[in-house]
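Engineer: Sharing a structure, written as structure tokens. Questions coming.
The values are calculated or read from the model by the stated rules, or taken from the named source; none is laboratory data. Since the model is a prediction, treat every value here as computed from it, not as a measurement. Cβ placement follows ideal geometry from the backbone for every residue including glycine, while neighbour counts extend to all protein chains displayed.
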Amino acid sequence: MEEKNVSVKGGGKSLALKAILLWYALLLVPCALLSVLFIGKSTAENFWLWRAVFTFGGAAVAELLVFFVVFPLLLGDTRKTYKSILMRIGSEGYTPQVIADMEQQLPRYMNSPTYSTYRNGYCKYLCEAYMLKGDYDTALRYHSMIDTNTLFRSQSVPALRDQALWHGQLIQIYALKGDVSASGDCLARADGFLKSIHGRDTVTDYFIDLSVFEYYLAVNDFETCKRLAEPYLQYKELKYSALRSLARMYAKAGDVQMARQYFDDAAQSSQNEFMKDYILKEKAEALGGQ
């Protein structure tokens, strides 16, 4: 099967462009008022032309100042630190140091609506980290700390993706804990929303399907598990996760040969050494000496 590329961060560029255009439109108004104040009929020939130049050029200059001077001063090292930690998650995985650095950063943003995006981001990744560690109570604690008022405010692609992940993490945590009833209840509550956004983009579908996968794995519905995970084997960036999910399914189904093959393929396709080691450890626990 030929592998396709899909950006896990897809939608970010579109959101940034919309933000830039919105700020530019907002800044046009004060610049237009200033043009009337400074450029009158008596001060310049073709004053309408000069007002237009002042308005559109002034808005562009003002936007550059906002994005490269005002925002950096207001945010300080917040954005830089956050982006650095996200890059480390991709290159290093959820190492103890990465988890400790996120837990050190999080309290700074817990009580400020201005920084709710960073609060929600750290909580989301800490929830995922503790799921991998098997500490589901701590994962639930970080999940409960997400500011849902901010999370569900936007309908942009990245926001819908995070909303799907918010529901998906609850489904996963309870399924992994063995609380099938609670996992099923979470799935039932989220079902309408998840179906309404399924099909909009590949990565959002992936978050939905691999979360729902955990519920069906918990109830031993292996056919549905395969239907949910197999479509993502064709995407280079998502392949290792789909392989790992299917490996766990085959192990639970008692198909040792297929489980071993999928665990090995998942480890080979993993994004970093942390995930590779994690998958191989998972293989050993799932298959024992078989």
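Engineer: Please give the helices (runs of 4 or more DSSP H) falling wholly within the range 1-93 in which 3 or more residues are surrounded by 13 or more Cβ atoms within 10 Å (Cβ to Cβ) and at pLDDT 60 or above.
Structural biologist: 12-38, 47-65, 78-92
Engineer: A follow-up question, please. Please give the number of the condition ILE99 fails out of (1) more than 13 Å from the chain's Cα centre (by Cα); (2) modelled with pLDDT under 90.
Structural biologist: (2)
Engineer: A follow-up question, please. What's the total number of residues in the range 223-256 that are crowded, with 18+ Cβ neighbours inside 10 Å and of a type outside the set (A, V, I, L, M)?
Structural biologist: 11
Engineer: From the list ASP205, ASP191, exactly one residue is outside the structural domain of GLN97 (by TED's automatic domain parsing), under 29 Å from ALA259 (Cα atoms) and either without any contact (Cβ under 8 Å) to a residue 60 or more places away in the chain or touching a strand residue (DSSP E or B) at 6+ places or on another chain (Cβ under 7 Å) (or both). Which is it?
Structural biologist: Among ASP205, ASP191, only ASP205 is outside the structural domain of GLN97 (by TED's automatic domain parsing), under 29 Å from ALA259 (Cα atoms) and either without any contact (Cβ under 8 Å) to a residue 60 or more places away in the chain or touching a strand residue (DSSP E or B) at 6+ places or on another chain (Cβ under 7 Å) (or both).
Engineer: For GLU237, are the conditions met, namely being assigned to a helix (DSSP H, G or I) and modelled with pLDDT under 95? First the steps, then the outcome.
Structural biologist: On the way: assigned to a helix (DSSP H, G or I): no; modelled with pLDDT under 95: yes.
Taking the combined requirement at face value, the residue does not satisfy it.
Engineer: Further, regarding this structure: Quick one: which of ASN149, ASN111 is closer than 26 Å to ASP201 by Cα and assigned by TED's automatic domain parsing to the domain that holds TYR94?
Structural biologist: Exactly one residue qualifies, and that residue is ASN149.
Engineer: Still on this model: Give the range 254-290 a look and list any residue that's farther than 30 Å from VAL98 by Cα and among the charged types (D, E, K, R), or say none.
Structural biologist: If the condition is that a residue be farther than 30 Å from VAL98 by Cα and among the charged types (D, E, K, R), then ASP255 is the only one that fits.
Engineer: Restrict the check to the range 149-171 and report whether at least one residue is of a type in the set (Ser, Thr, Tyr), without any contact (Cβ under 8 Å) to a residue 24 or more places away in the chain and touching a helix residue (DSSP H, G or I) at 6+ places or on another chain (Cβ under 7 Å).
Structural biologist: no
Engineer: Right, something else. Mind listing whichever residues of the range 269-288 are without any contact (Cβ under 8 Å) to a residue 12 or more places away in the chain and assigned to a helix (DSSP H, G or I)? Can you show your working first?
Structural biologist: Initially, the range 269-288 is screened for residues without any contact (Cβ under 8 Å) to a residue 12 or more places away in the chain, giving 276-277, 281, 284-285, 288.
Once the filter is applied, which keeps residues that are without any contact (Cβ under 8 Å) to a residue 12 or more places away in the chain and assigned to a helix (DSSP H, G or I), the range 269-288 yields LYS276, ASP277, LYS281, ALA284, GLU285.
Engineer: ILE146 passes all but one of (1) assigned to a helix (DSSP H, G or I); (2) touching a Cys at 6+ places or on another chain (Cβ under 6 Å); which number fails?
Structural biologist: Condition not satisfied by ILE146: (1).
Engineer: Quick check on the range 167-185: of everything there that is surrounded by fewer than 22 Cβ atoms within 10 Å (Cβ to Cβ) and in a helix (DSSP H, G or I), which residue is nearest to the chain's Cα centre (by Cα)?
Structural biologist: If we take residues in the range 167-185 being surrounded by fewer than 22 Cβ atoms within 10 Å (Cβ to Cβ) and in a helix (DSSP H, G or I), then HIS167 is nearest to the chain's Cα centre (by Cα).
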